[in-house]
Amino acid sequence: MSGRTNAVPFDSKEYWEDRFAQEEPFDWLLTWDSIQLFLQPYLSSKEHILHLGCGNSLLALQMADCGYKNIVNVDYSANVIEKMKELTNKAKQSSIEALGGSTTVTPYSDLVWITADCIHDLSSVRPYGSAPGGCYPLVIEKSLTDCIACGDDDKLTRQRQLAQQVASVQPPGGYFISISFSKERQSFYPYHLTEKIPVLVPQVNDKPGAPEIYYYLYILQKKEDDGEGYLV
Ligand SMILES: C[S@@+](CC[C@H](N)C(=O)[O-])C[C@H]1O[C@@H](n2cnc3c(N)ncnc32)[C@H](O)[C@@H]1O
């Protein structure tokens, strides 16, 4: 899912909205189970996590099951955000029933779902009640950058815009975790590439000797201020 001549228009909002009108929850690339061990060193159950291009992935609900409650989920497809709100409400209801109705607090109570374009208006997306800028020590995306790359130009303008937008909501030192098909990734300003983790994808019915397939976890870190107004 890269380059500018895709048969499938992954960079088109209409494409995603049409798809989400019919599709059941689905996770691209990797599921929470297959990545949680790699991500745990970067995650905090107390701080707000921003999840970009969430689609109808179960990632946030499964993370909430594991104690990561403050997750703000963003997608530009309004219909998928509505569907995910409904799914979250059902999960809350089942959880309350399972506890015999004795509480209204569930693992999903603090999940937030917001419609926004990640390369144009992320600065408006912040946890309720918090000040603008620097409020997400951790941002995660799974295959959003792959989509953004689809409509990109030779200067990689869209990927640079995404990095700038993400930077506008992260403090210096904050981590941006990007999960991707792509085995190559530039780190766009103002981020350093800290780590690249290949994750082997199990293939069902593979013939002996078939090539191994990997997806990649890119751990990027926002540059720190050197005290003289420069990010290093
Ligand atoms: C390949 S899907 C991945 C969905 C989900 N993260 C997963 O792993 O299953 C890409 C998602 O990014 C969303 N998307 C693409 N461009 C976007 C943009 N500029 N702003 C917000 N969401 C975007 C699409 O609507 C879609 O939900």
*Looking at this structure, is SER95 small (Gly, Ala, Ser), within 10 Å of the ligand (Cβ to nearest atom) and at pLDDT 90 or above?*
no
*Of the residues that sit in the stretch 2-22 and are touching a residue at least 12 places away in the same chain (Cβ under 8 Å) and assigned to a helix (DSSP H, G or I), which one is surrounded by the most Cβ atoms within 10 Å (Cβ to Cβ)?*
TRP16
*Any residue at all in the stretch 118-134 that is of a type in the set (S, T, N, Q) and modelled with pLDDT of 90 or more?*
no
*Among (1) more than 16 Å from the ligand (Cβ to nearest atom); (2) closer than 25 Å to ALA64 by Cβ; (3) not in a loop (DSSP other than H, G, I, E, B), which single condition is GLN165 missing?*
(1)
*Tell me which of these ASP75 doesn't satisfy, since it passes every other one: (1) surrounded by fewer than 17 Cβ atoms within 10 Å (Cβ to Cβ); (2) acidic (Asp, Glu); (3) at pLDDT 95 or above; (4) under 18 Å from the mean Cα position of the chain (by Cα).*
(1)
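For the stretch 79-124, how many residues meet the condition of being assigned to a helix (DSSP H, G or I) and not hydroxyl-bearing (Ser, Thr, Tyr)? Steps first, answer last, please.
Initial filter on the stretch 79-124 (assigned to a helix (DSSP H, G or I)): 79-98, 122-124.
Subsequent filtering for residues that are not hydroxyl-bearing (Ser, Thr, Tyr) retains 79-87, 89-93, 96-98, 122.
Matching residues across the stretch 79-124 total 18.
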*asked:* Please go through the stretch 23-64 and give me each residue that is surrounded by fewer than 15 Cβ atoms within 10 Å (Cβ to Cβ), farther than 19 Å from TYR136 by Cβ and either of a type in the set (D, E, K, R) or within 14 Å of the ligand (Cβ to nearest atom) (or both), ordered by number.
replied: GLU23, GLU24, PRO25, PHE26, THR31, ASP33
*Neighbours by Cβ (under 8 Å, 6+ apart or cross-chain): first from the stretch 173-186, on the phi < 0 side of the Ramachandran plot; second away from the ligand (no atom under 11 Å from the Cβ) and charged (D, E, K, R)*: GLY174/LYS222; TYR175/LYS222; PHE176/LYS222; SER178/ARG185; ARG185/LYS196
*From the list LYS207, LYS183, which residue is part of a loop (DSSP other than H, G, I, E, B) and within 15 Å of LEU29 (Cα to Cα)?*
LYS183
*asked:* If VAL201 meets every condition in (1) modelled with pLDDT of 90 or more; (2) closer than 23 Å to PRO137 by Cα apart from one, which number is that one?
replied: (2)
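The values are calculated or read from the model by the stated rules, or taken from the named source; none is laboratory data. Just so you know, these numbers come straight off a predicted model, no measurement behind them. Backbone-built Cβ (ideal geometry, glycine too); neighbour counts: all protein chains shown.
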